[in-house]
Amino acid sequence: MKKQKWIHEGLINESLPNGIFWVHLDNEGLILGSISVKIRRSFIRILPVDRVKIEVSHYDSSRGRIIYRLCNKDSND
């Protein structure tokens, strides 16, 4: 039986090499997040100050996978 993963929303703080980002979660946590394969294939650009959904495993809550970039209301994308 597969355990479900926690899904949080947060703000990208800093971009690191190879698609890894520091994400500041809404619940005041700071975790390391990498881009999912679906986002890489779709060529979705993620920049600092973007809001994202991040999937966190129960086993290691210090790392996560960015699964969705939320729309910013102030951007024209």
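What follows is calculated from the coordinates using simple rules that are stated; it is not laboratory data. Just so you know, these numbers come straight off a predicted model, no measurement behind them. Cβ sites come from the backbone with ideal geometry, for glycine too, and all protein chains shown count toward neighbours.
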- P(r) of the chain over all Cα-Cα pairs, 5 Å bins starting at 0, rounded to whole percent, reads 3, 16, 29, 25, 16, 7, 2, 1, 0
- Spin-label model distance (nm) - Phe43 vs Tyr68, 7 Å beyond Cα toward Cβ: 2.4
- Report the label-to-label distance for Tyr59 and Leu11 in nanometres (one decimal), using points 7 Å from each Cα along the Cα→Cβ vector. 3.3
